[in-house]
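The values are calculated or read from the model by the stated rules, or taken from the named source; none is laboratory data. Nothing here was measured: the structure is a model prediction, and the numbers come from that model. Methodologically, a virtual Cβ is constructed for each residue, glycine included, from the backbone with ideal geometry; neighbour enumeration extends over all protein chains shown. Ligands, DNA and RNA are excluded from the accessible area calculation, which covers all protein heavy atoms including side chains. Shrake-Rupley method; radii C 1.70, N 1.55, O 1.52, S 1.80 Å.
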Amino acid sequence: MGSTSHKNSAQLVSVGLDKLKQQLNVLYEDRNNLPRLGNKAILEHLWDLKESAILEGRGSVDVPESWLNELNDELLKSTDARGH
């Protein structure tokens, strides 16, 4: 899942909670394709961070840039798989 260039990026970046929530929901709705995902753990961690931020009333979360790159890669695959 993702290229090796993503794996070297440990820099934290801030992502808006609404954006993260929307992106994760797209992948969740496309859960028929989830078995093909190479690294479900990253998605689970992002989901947990999103849920914690909601409970804490925060508007954003800080995540490793490589995780966002992986999420974006999976969103592209999901969109391509659906023919959009």
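Counting only residues at least eight positions apart within a chain, or on another chain, the aspartates and glutamates with an alpha carbon under 20 Å from that of Lys77 are Glu29, Asp30, Glu44, Glu65. Projected label points at Asn25 and Leu75, each 7 Å from Cα along the beta carbon direction, are separated by 1.3 nanometres.
A simple spin-label model places the labels of Val13 and Leu55 2.7 nm from each other, with each point 7 Å out along Cα-to-Cβ. The amide H of Ser60, built 1.01 Å from its N in the peptide plane, has Leu17 as neighbours under 5 Å, considering only residues 5 or more places off or on other chains.
As a fraction of the 1.4 Å probe accessible area of segment 39-80, surface on carbon and sulfur atoms comes out at 51 percent.
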